[in-house]
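Note sheet for the following structure.
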Amino acid sequence: MRVKEPHSDVEPSGKGWLIYDAYSINTEPNAMMTHGKMTWSSSLVPVIEPQIVSQIVASLCDVALLMSSDGRVLGVMINPDFRCETDITKWEGHALTDVLNVESTPKFEERLGNFLQNDDGVLPVELNHQDMNGAALFPMRYSFHQIGTDGTFLMLGRDLRPIWEIQQQLVSAQIALEKDYEARRENDALFRVLMASSSDAIVFVAAKTGQITDCNGVAAKFLGRSRGDLLDNEFAARLGLPVGHDLINRLVDASSEQSVSPVGVTAPALNADVTIHPTLFRMAGAQMLLCRLQTSSTMTSQYDALADSLSSLYDDGIDGILFASRDGRILSANEAFLSMADVTNAQALRGRNVSEFLARGTVDQNVIFENASRAGSMRMYATRLISEYGSERQIEIATSFLKAGTEAAFALVIRDVSRSTTSRAQAQQSSNVDMSSVVELIGSQSLKDIVAKTTDVVEKMCIETAVEMTSNNRVAAAEMLGLSRQSLYVKLRKYGLLKKDG
């Protein structure tokens, strides 16, 4: 059959006419065209073996499913190159919805309904498979194809796992990127708050270029410029230093030393001497300098504030503070020590020695000074303080060896502990009574019996002391004595201490 229409481009061919228009294509003598679709007469359809047909269909897709009109799998054809961990051939005889997850089941049923209504334009559908136990397997993209009039049809599927893996990688990368952005925003907020709340003038300088990369408001006020004017400008130039000044090299060298030392420069732009404390670090592969700026007036004000605090502690502190020379002469003492020693005024201490106020005199003084000189300090030395009128009180002395100034000196912090030793004295009194009763047994009982009772007295005294020191904390007392909790309770009951301590 030859088809020719007006106003068409016609080219002769060997067996017919090749027509280029919207409705007809090459028509051979035994080929027919219907509404633009080519059909073949039965004489041209070759006889193809069923096995070969299956191979052709399987090579066109990854999985081919022969389906019934009710959605049941009648047969499965698999591409030899398709790799899957499960045996897909077991789907035969089961409804396809049995191997689809919850989201894919309604999608499949909708497309199947459209296809069975002779809708030739039904779109492919993407389905996610799962096994009979609900474990996820793989995603597939299926297209629908009629193959006969008995209601059977083909579903040709393409494996979407490569695309799915790429999508998962993109999603993971996006999530990681969002987390990085969030962490960066949090760190940036913390950095801005820290810079704004800092009382120091802080400037960040690129070690390679010497330009200011960032600074806080205090630094902008310190340099007399706005923050925007300082950024990307040379740090040395903002201080008024001449071109070619080796300020950056000096800062790098100072911060690279084992003990970081400040760098002092005279800044003509500020008309002041500036002390810079540099810190060298690396950021994004480049070396950076964190510089804290101070002037002599700033440092003086800080030192003045510290001196005021120390002076207030010395004058108004509740513990006695005493400064003495290496030979024991009292250099100065605060009001708390004068009150402890019943000394009228500080002038009465001039020329006197520390040993005059200690119970063991030069023995206490030598022990304190020698240990403090050797170790730098000595803590919690217990002794008694002798006042001007001979009264005594229990004290603890913490001593520090000071090397500041032209001559070395000792600083003694003296604390009155007489109140805390009252309870210990009471325990010792009861123990002394017990000990005296043991002594009275000499001559009336054998040595073996006396030793046994002495052991009980010592054990009772140790348990009472441990309970007293731990404020009646039985667990701590047992741990202190190296006993189990049960053993401690047995001994408390033995010596009648349960009711007493309770």
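Bear in mind that the values in this text are calculations on the coordinates, not laboratory data. Computed from a predicted structure; not experimentally measured. Here the Cβ is made from the backbone with ideal geometry for all residues, glycine too, and neighbour counts use every protein chain on show.
Working note: Karplus 6.51/-1.76/1.60 with θ = phi - 60° gives the stretch 328-333 the couplings x, 6, 6, 8, 6, 8 Hz, where Gly and Pro are set to x. Extension gain, ARG141-ASP188: 0.36 nm per intervening residue step, less the Cα-Cα distance, totals 12.4 nm. For the pair GLU178 and GLU370, the difference between a 0.36 nm per residue extended length and the Cα-Cα distance amounts to 62.8 nm. The packing ranking of peptides 484-491, 67-74, highest mean first, is 67-74, 484-491, where packing means the average number of other beta carbon atoms within 10 angstrom of each residue. Stretching ALA272 away from GLU110 to a fully extended chain increases their span by 50.0 nm, per 0.36 nm per residue minus the current alpha-carbon distance.
A simple charge model with +1 on the Cβ of Lys and Arg, -1 on the Cβ of Asp and Glu and nothing else charged puts the dipole of the stretch 164-248 at about 320 debye relative to its Cα centre.
Residues in the stretch 140-179 near a label at ASP81, defined as backbone nitrogen under 12 Å from the 7 Å Cα→Cβ point? Once the point is set 7 Å along Cα→Cβ of ASP81, 159 turn out to lie under 12 Å by backbone N, inside the stretch 140-179.
When TYR389, TYR181, TYR381, TYR314 are ordered from fewest to most other Cβ atoms inside 10 Å of their Cβ, what list results?
TYR389, TYR181, TYR314, TYR381
With the simple spin-label model, which puts each label point 7 Å out from Cα in the Cβ direction, the THR454 to GLU479 separation comes to 3.4 nm.
Coupling constants for the stretch 385-391 follow from the phi torsions by the Karplus curve (6.51 cos²θ - 1.76 cosθ + 1.60, θ = phi - 60°), and in residue order they are 9, 9, 7, 4, 9, x, 6 Hz; glycine and proline get x.
Ordering MET195, MET283 by the number of other Cβ atoms within 10 Å of each residue's own Cβ, fewest first, gives MET283, MET195. Taking other Cβ atoms within 10 Å as a rough exposure proxy, ASP229, ASP214, ASP316 sort from fewest to most as ASP316, ASP229, ASP214.
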